[in-house]
Structures are given as structure tokens and as C-alpha cells.
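Chemist: There's a structure below that I have some questions on.
The values are calculated or read from the model by the stated rules, or taken from the named source; none is laboratory data. Bear in mind the structure is a predicted one, so any value in this text is a computation, not a measurement. A quick note on method: Cβ atoms are made from the backbone with ideal geometry, for glycine too, and the neighbour counts reach across all protein chains shown.
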Amino acid sequence: MRIYDAGKIITGLLIFLALVTLPFWFNAVSGKSSHVPDPQIAPDTPRCVRDKDYMKANHMDLLNKWRNQVVRRGERKFMTADGRQFDMSFSRTCLKCHANQQKFCAQCHDYAAVKLYCWDCHVEPGTIKKGSSWR
Amino acid sequence: MVTDRRGFLKLAGLTAMTAILGKFTGNAARALAAPLRRASGTESGPEALAGQGLSDKAPKNAKRLAMVVDLEKCRKKAQCRDCIIACHQEHNVPQMTDPKDEVKWIWKEEFSHVFHEQEHEFLQENYRHTPVPLLCNHCEKPACVKVCPTKATWKRESDGIVMMDWHRCIGCRYCMAACPYGSRSFNWRDPRPFIKNLNQEFPTRTRGVVEKCTFCERRLAQGKQPACVQACKAKALIFGDLNDPQSDARKALGAKYSLRRKPGLGTGPKVYYLL
């Protein structure tokens, strides 16, 4: 078997392969793929209302539940498993420790490309945002 | 099929019995299930809707929070805006530049406009131009609650406050059409740039959301008085529980003649104006 214009075709194929796999090369060279989100909370804070693993996976459920309990049912006290009591307030409890949106929330949310709309209404801790991202 | 008289009567009797029995057991089942549903806190179905303030059933020790405005005291400082400033600062209410976009929780209007049914050509001059503070009336039978398609607004059974959940509001503005007092404002544009001093501990709203006075339910939960009441140096705003005969509000109502806005509509407004 013989390929006409073998040199051109094989070079073309190689260029095509290189272009298609570019994202992989690019990440390998730039080292960005090894970036791991590093959420930071304020120093010297009390232990969270639930453990880290639970919060990592389920913080959105907890926030939803708290919101419904406070806003819709007027229940404002939360008792942790080890008997500590917290005021169920996003602005006055959660954000006191998770005090920097960029250093905490955005770390994972940017990484996973999950867009937040909390800050359209709730005041972003530490910063005053002008204008919202609302459609 | 041939039916003789005896067969027909038997069938008719059986049908009637089933119907009666079915109605009875159906009611009983519903009555049994109701407390369970309440305990589990599910918020669906017509029963839950009734619990959201469309019914008059309220817990035994429920309050009926109300505002009493002493116009005589308020009138002495006609230019005063302390209550408005305090409220709007507390709740991040934007100061819109275009009056068409105005957002307000508490505001003032001339007596002859507020009580136009009471106005006549011989009304005392000082009353005609008395500025009257206006806010959400937290009605006994709120029209806004009935029309809200998402239950973003509801009457709280424990104290009668007409609440809002801005997370749920879809901005349909039915409530604004329903409210006979104009107590609700719509965010036609993003309010953030129009808030001068942001209160970090209170959310703002976004474009497309309706807002109104909440009788400062957040402050009440902390044991404080509403912001407007605290800010009023003339002590013209009196806040209290109508169910408690010893409350300041009831005492004030007992001492002077009072008016409410558009009482004929049957909404049962709970903002009273002392003359």
C-alpha cells in the first residue's frame, strides 16, 4: 500500500492531534489543573454547626432549611448535636466566620463553576458590591 | 336486566348508605391527618394554604400586633422624617432618583389624601395639611396574601404580621394590585446603587422583587421595638398587641378617637390614627 502525499497528510494529522489535545497540554504545562480550592475562614472562630464533611456536601440544604425555618416559621434557634446553641442567621452567624466571600465561597464555587446568587441580595461580607448579576 | 321493586329498593338503600358512610369516614380521615401534617411541617395542599393566613384559626396565645399613630404629636413636627430615615436605613430601602421607581416602606401623605372620605371643605386647615405617616397595615384579612401565587407573602399566625419571603417573590405584582393602601413597592431596577449607607446585616432586594414594611419582625425577635417607633422623638408612634388590654397600643386607642384607612373594604387594617 502506498499513500499519496504521505508527508503532508501525516504532518497534517499530527498538527490536528496536537490542536485537539491542546487543553490537556495547556493545563499540564501551566500547572492550573493541580490548583485545589483553598477556602479560608476567619481565625479563632467557634466550631461550625455541623462537621466539615457534612457541610462540604450539604451546606446548601442546611442554608435552605434555615431560611425556611427563620423566614417562614419564625424559628431562630439552632441546637447543634453537642448542645451548643446558634442563632439561625446567614448574615449574623454564618458570615461572622465565613467572613470573606472571595476567600471562602468563591474558592470552590469558581472552581466548580457553580454560580451563586446569594449576593444579589445578601450583603457580601467584607465588600460592597455595586450592581447584581440578576438576569 | 330486569329490576323488580324489591331489588331497586335494596340497591338504592345500599347506595345511600355508602354515600353517607363515605362522607363520614372521609371527614374523619382528614381530621385525623391534619395534626400529623401540621407536625411534619409540610407546606403543600389547600390545608397548608389555609394555615398560611387565609383562615382565622390562630394559636391561643397569638398576638395581634398593631401600630397606633398619634397625629397630634406627629403634626407638631410636620417636616420631621426621623421614622422614614430610620426604617429605610435599617432595611436597606433604596432612594430612587426617578419617582416612578420609588421604593418605600413608610412615608408621609397629606391628611386630605389619606382620609379623602373624611375630607370636606370645612375641615380644619391644620388637619387638611397634616402629614400622615403611612405604612403597611398588616391587615386582618390581607388581600395581598390571597392573590400571591407563590406564597411569598403570608400572614403570620403568631402575631398577625403580614410577612414577605423575598426568596420566593417572582415579581408578578398581583399583591400590589390587590393592596388598597399602596403599601407595596416594586424594584423596577437593581436597588443596590441607590442605597447610600448599606446595613451589612440586612439583605437588599434585587430587581423584580416586591417589598414592604414587615413591622420590623427581625427587631421584634431580638426584643426591640420597630425602628420607626424607636426613632420617633415625639413618641407619636405606638406599637403593641391589640389582644393585650394593658399594651401601650390599646391604652392609646382607649384614650382618643381613632381612624383607620378604608375600613369599609373589610381588610381590617391594623394601623390606627389618633385624632
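Chemist: Is it true that some residue in the stretch B:200-208 is in a loop (DSSP other than H, G, I, E, B) and more than 10 Å from chain A (Cβ to nearest Cβ)? Please lay out each step first, then the result.
Modeler: First, the residues of the stretch B:200-208 that are in a loop (DSSP other than H, G, I, E, B): B:200-208.
This time we only want the ones that are more than 10 Å from chain A (Cβ to nearest Cβ), so: none.
So far as the stretch B:200-208 goes, no, none of its residues is in a loop (DSSP other than H, G, I, E, B) and more than 10 Å from chain A (Cβ to nearest Cβ).
Chemist: When the stretch B:151-172 is examined, which residues are found to be away from chain A (no Cβ under 12 Å) and farther than 16 Å from B:T267 by Cβ?
Modeler: Those that are away from chain A (no Cβ under 12 Å) and farther than 16 Å from B:T267 by Cβ: B:I170, B:C172.
Chemist: Output the residues belonging to the stretch B:113-167 that are buried (at least 16 other Cβ atoms within 10 Å of the Cβ), hydroxyl-bearing (S, T, Y) and modelled with pLDDT of 90 or more.
Modeler: B:T153
Chemist: Return only the number of the condition from (1) out of contact with any helix residue (DSSP H, G or I) (no Cβ under 7 Å at 6 or more places or on another chain); (2) surrounded by fewer than 16 Cβ atoms within 10 Å (Cβ to Cβ); (3) closer than 18 Å to B:A227 by Cα that B:Q95 does not satisfy.
Modeler: Failing condition for B:Q95: (1).
Chemist: Still on this structure: Sort out which residues of the stretch A:50-109 are aromatic (F, W, Y), in contact with a Phe, Trp or Tyr (Cβ under 8 Å, 6 or more places away or on another chain) and more than 11 Å from chain B (Cβ to nearest Cβ), and write them in order of number. Even if it seems obvious, please write down each step before you answer.
Modeler: Start the filter on the stretch A:50-109 by keeping residues that are aromatic (F, W, Y), which leaves A:54, A:66, A:78, A:86, A:90, A:104.
Among the residues that remain, those that are also in contact with a Phe, Trp or Tyr (Cβ under 8 Å, 6 or more places away or on another chain) are: A:66, A:78, A:86, A:90.
Listed by number, the residues that qualify are A:W66, A:F78, A:F86.
Chemist: Does B:P226 qualify as being under 20 Å from B:I84 (Cα atoms) and facing another protein chain (nearest Cβ under 10 Å)?
Modeler: Numbers: under 20 Å from B:I84 (Cα atoms): yes; facing another protein chain (nearest Cβ under 10 Å): no.
Here the answer is no, as B:P226 does not meet what is asked.
For (1) surrounded by fewer than 18 Cβ atoms within 10 Å (Cβ to Cβ); (2) within 13 Å of B:L135 (Cβ to Cβ); (3) without any contact (Cβ under 8 Å) to a residue 24 or more places away in the chain, each residue gets a yes or a no:
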{"site": "B:A221", "(1), (2), (3)": "yes, no, yes"}
{"site": "B:F239", "(1), (2), (3)": "no, yes, no"}
{"site": "B:N243", "(1), (2), (3)": "yes, no, no"}
{"site": "B:L274", "(1), (2), (3)": "no, no, no"}
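Chemist: In the list A:R67, A:R50, which residue meets the criterion of being at negative phi, in contact with a Leu (Cβ under 9 Å, 6 or more places away or on another chain), of a type outside the set (G, A, S) and at pLDDT 90 or above?
Modeler: Numbers: A:R67 fails: in contact with a Leu (Cβ under 9 Å, 6 or more places away or on another chain).
Going through A:R67, A:R50 in turn, just one is at negative phi, in contact with a Leu (Cβ under 9 Å, 6 or more places away or on another chain), of a type outside the set (G, A, S) and at pLDDT 90 or above: A:R50.
Chemist: Restricting to the stretch B:151-194, name every residue that is of a type in the set (A, V, I, L, M, F, W, C) and either assigned to a helix (DSSP H, G or I) or farther than 25 Å from B:E109 by Cα (or both). Spell out how you get there, then give the answer.
Modeler: The first filter runs over the stretch B:151-194 and keeps only residues of a type in the set (A, V, I, L, M, F, W, C), leaving B:152, B:154, B:161-164, B:166, B:169-170, B:172, B:175-179, B:186, B:188, B:194.
Within the stretch B:151-194, B:A152, B:W154, B:W166, B:C169, B:I170, B:C172, B:C175, B:M176, B:A177, B:A178, B:F194 meet the criteria.
Chemist: So which residues in the stretch B:224-243 are in a loop (DSSP other than H, G, I, E, B) and under 18 Å from B:H91 (Cα atoms)?
Modeler: So the first thing to find is which residues in the stretch B:224-243 are in a loop (DSSP other than H, G, I, E, B), and the list is B:224-226, B:232-236, B:242-243.
Passing the criteria: B:K224, B:Q225, B:P226, B:C232.
Chemist: Can you name every residue in the stretch A:115-127 that is assigned to a loop (DSSP other than H, G, I, E, B) and either touching a Gly at 6+ places or on another chain (Cβ under 8 Å) or among the aromatic types (F, W, Y) (or both)? Spell out how you get there, then give the answer.
Modeler: Of the residues in the stretch A:115-127, the ones assigned to a loop (DSSP other than H, G, I, E, B) are A:115-117, A:121-127.
The one that is assigned to a loop (DSSP other than H, G, I, E, B) and either touching a Gly at 6+ places or on another chain (Cβ under 8 Å) or among the aromatic types (F, W, Y) (or both): A:Y117.
Chemist: Which residue pairs have Cβ atoms closer than 6 Å, lie 6 or more positions apart in sequence or on different chains, and pair a first residue in the stretch A:116-131 that is under 11 Å from A:A99 (Cα atoms) with a second residue that is modelled with pLDDT under 75 and part of a loop (DSSP other than H, G, I, E, B)?
Modeler: none
Chemist: Find the helices (runs of 4 or more DSSP H) located wholly in the stretch A:1-114 whose residues include 3 or more that are in contact (Cβ under 8 Å) with a residue 12 or more places away in the chain and surrounded by 10 or more Cβ atoms within 10 Å (Cβ to Cβ), and list them.
Modeler: So the answer is A:52-67, A:105-111.
Yes/no matrix, rows are residues, columns are (1) touching a helix residue (DSSP H, G or I) at 6+ places or on another chain (Cβ under 9 Å); (2) at pLDDT below 55:
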position	(1), (2)
B:L14	no, no
B:T25	no, no
B:A28	no, no
B:L36	no, no
B:T42	yes, yes
B:A50	no, yes
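Chemist: Next up: Taking into account only those residues within the stretch B:137-150 that are out of contact with any Pro (no Cβ under 9 Å at 6 or more places or on another chain) and assigned to a loop (DSSP other than H, G, I, E, B), which is farthest from the other protein chains (Cβ to nearest Cβ)?
Modeler: B:K141
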